[in-house]
1. Is segment 128-136 home to any residue that is assigned to a helix (DSSP H, G or I), at pLDDT 95 or above and out of contact with any Asp or Glu (no Cβ under 7 Å at 6 or more places or on another chain)?
2. Return the pairs, sorted by first residue and then second, in which the second residue is of a type in the set (Ser, Thr, Tyr) and not in a helix (DSSP H, G or I), the first residue lies in segment 137-152 and is closer than 12 Å to Cys123 by Cα and free of Cβ contacts under 8 Å to residues at least 24 places away in the same chain, the beta carbons are less than 8 Å apart, and the residues are 6+ apart or on different chains.
3. Filter segment 116-125 down to the residues that are outside any loop (DSSP other than H, G, I, E, B) and either in contact with a helix residue (DSSP H, G or I) (Cβ under 8 Å, 6 or more places away or on another chain) or modelled with pLDDT under 95 (or both) and list them by number.
4. Taking Tyr101 as meeting all but one of (1) surrounded by fewer than 17 Cβ atoms within 10 Å (Cβ to Cβ); (2) at pLDDT 95 or above; (3) within 16 Å of Val22 (Cα to Cα); (4) among the hydroxyl-bearing types (Ser, Thr, Tyr), write down the number of the exception.
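The values are calculated or read from the model by the stated rules, or taken from the named source; none is laboratory data. Here the structure is a predicted model, which is why all the values come from computation and not from measurement. No Cβ is skipped: glycine too gets one built from the backbone with ideal geometry, and neighbour counts run over all protein chains shown.
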Amino acid sequence: MAHIHEKIDFTVTVIVVRQRKVLLVHHRRLNAWLPLGGHIELDEEPETAALRETKEESGLDVELIGERPPTTGQTTRALIAPRFLDIHQITPTHQHIGMIYLARPRNGSVRLAAAEHFAIRWCASGELDTLQPPMSDAVKWYCRQALAEVEG
């Protein structure tokens, strides 16, 4: 998707955990191992973006893990809060505010989105240090937190 703003965009990251492993993709454009995710569309809520990106990039339907406050009413609808938020530099003049969700697979079969990724695979914690190209320390930390918090 095109950037919504020239300086900053909102994105979702979805760390899917199953049997003590996280689902990662080797991103073509960025040449990096990452969890699933992407831009939040202008007319889209973060939860919807997380579910859409996960389905598009992996073929999986997932359950987002998090708390939905009991505040839904006539003019307010509570959303599942992301587990983490960050801001990261994409280019010298562009940043992403990332909403990082944890998730469990519900159904579907993992499939490669070949137009976007070189590979897709489940990785245990120890494998995160051996991926090539190397994974960033920040992404490894998020993946390990997800593994520690989510039962597979």
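1. Among the residues of segment 128-136, at least one is assigned to a helix (DSSP H, G or I), at pLDDT 95 or above and out of contact with any Asp or Glu (no Cβ under 7 Å at 6 or more places or on another chain), which makes the answer yes.
2. none
3. Listed by number, the residues that qualify are His117, Ile120, Cys123, Ser125.
4. (1)
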